[in-house]
Amino acid sequence: MLQTTVWYTTYCCAPILFALLVQAAHTAEPVKITNNRDFIQHLCWSPDGKLFAMTRIHQGKMGVWTMRADGTDWKVLVKTDQPTFDPHWSPDSGQLLFVFDRLQGTDGKLQIDRIDLDGGNQKNVIPHQAFEESPRWSPDGKSLLWVSTRTRNQELFLADVEGKNPRQLTSEAAMDNNPSWSPDGKSIAFASSRSGHFDIYTMPTEGGKATRLTNLATLDFWPVWSPSGKQIAFTSNRDGNYEIYLMDADGKNPRNVSKHMSSDHYPTWSPDGKKLAYISNRDGGYNIYIQTID
């Protein structure tokens, strides 16, 4: 009986045990790099890998902040009493686009500005016409995407990097938001409620037919393309809470990579495509975690 048990364990269970060990080896635990008690969102890793930019509410003020990729040296980028949020890096990591909310009483006049990393040379590039949000610099640095409600609904718009020659890319009764450039600049991923709930779509940069990638009657949003262009990370509540998901660029093989009962949001890729950073409240605060992706 003992020999039979040893034989079964060694030869029959070995493949199962090996598979479990391989799975464990490829499920890296995220590393917490901050110890923050402020609310943070809109995380964005710089193309050179050295810094993060984000929206932070600190001492009652919403602003764009940067910090080193190791979680140190927090700096407020725009010194103003007006709210600023949703930063996005230039390809050379030297500048940031962001939303500037010029408060007038209880109303906000949202516009998109550009600023140097040292806080100098702030310039308005998309003047306020409606809610101008979610600016995204193109990979070649020549264009920018953003979301506007100037047609009374959230739609995607494209302009050159100075904000000239704007044109509307989407025209739907539903909301289109959270745009993300593919690394080659030929496609855009975005979230849309055109199916009755928020899904992830892709479309050509010049506009045209959108391809639906997710379809689970859940909330899928904040897509970000991997540096290789082969995968898209996004936030989803399909498991009952917000998690970070990965899928192939065609929508196949979705998988949960954060796997925690907390809320995990705003994934952003390291420049080499080997890691994802995201914001989680798993320790009671809102902090940044970095997870290796295999």
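The values are calculated or read from the model by the stated rules, or taken from the named source; none is laboratory data. Keep in mind that this is a model prediction, so the values were computed, not measured. With ideal geometry, Cβ positions are generated from the backbone for all residues, glycine too; neighbour counts draw on all protein chains shown. Quick note on the areas: whole protein, heavy atoms, side chains included, nothing else; ligands and nucleic acids left out. Shrake-Rupley method; radii C 1.70, N 1.55, O 1.52, S 1.80 Å.
Observations
- Enclosing the Cα atoms of the stretch 81-209 in their convex hull gives a volume equal to 108 cubic angstrom per residue.
- Rounded to 10°, Cα long-axis angle of helix 14-25 versus longest principal axis of the chain: 20
- When the residues ILE293, ILE57, ILE244 are ordered by accessible surface, computed with a 1.4 Å probe over the protein chains alone, the sequence from largest down reads ILE57, ILE293, ILE244.
- In this Cβ point-charge picture (+1 for Lys and Arg, -1 for Asp and Glu), the stretch 107-217 has a dipole of about 300 debye about its Cα centre.
- Overall, the accessible surface of the chain at a probe of 1.4 angstrom is composed of carbon and sulfur to the extent of 52 percent.
- Taking the charge dipole of the chain about its Cα centre, with +1 at Lys and Arg Cβ atoms and -1 at Asp and Glu Cβ atoms, the residue from ILE200, THR292, LEU96 reaching farthest to the positive side is ILE200.
- Value of relative contact order over the stretch 183-294, rounded to a whole percent, pairs C-alpha under 8 Å and six or more apart: 16
- Ligands, DNA and RNA are left out, and with a 1.4 angstrom probe the accessible area of the chain is 49 Å² per residue.
- For the stretch 220-294 versus the stretch 52-109, the gap between their alpha-carbon centres in whole angstrom: 22
- Evaluated at q = 0.11, 0.12, 0.22 Å⁻¹, the base-10 log of the normalised Debye intensity for the stretch 189-294, with identical point scatterers placed on the Cα atoms, takes the values -0.32, -0.38, -1.19.
- D (Stokes-Einstein, µm²/s), Kirkwood Cα radius, the chain, 0.890 mPa s at 25 °C: 122
- Straight-line cross-link reach from LYS164 at under 19 Å between alpha-carbon atoms covers these aspartates and glutamates, not counting any fewer than eight positions away in the same chain: ASP113, GLU132, GLU133, ASP140, GLU155, GLU206.
- For the stretch 119-164, the Cα-based Rg and Dmax, in that order, read 10.9, 33 Å.
- Computed over the chain, relative contact order equals 13 percent, with contacts defined as Cα pairs under 8 Å that lie 6+ residues apart.
- When +1 charges are put on Lys and Arg Cβ atoms and -1 charges on Asp and Glu Cβ atoms, the dipole computed for the stretch 95-145 relative to its Cα centre reaches about 120 debye.
- Electrostatic dipole magnitude of the chain [Cβ: Lys, Arg +1; Asp, Glu -1; Cα centre; debye, to 20]: 140
- Charge-dipole axis of the chain as Lys and Arg at +1 and Asp and Glu at -1 on Cβ define it, positive-most pick from ASN153, GLY141, SER187: ASN153
- Cα-based Lys pair tally, the stretch 54-147, threshold under 17 Å, eight or more apart or on separate chains: 6
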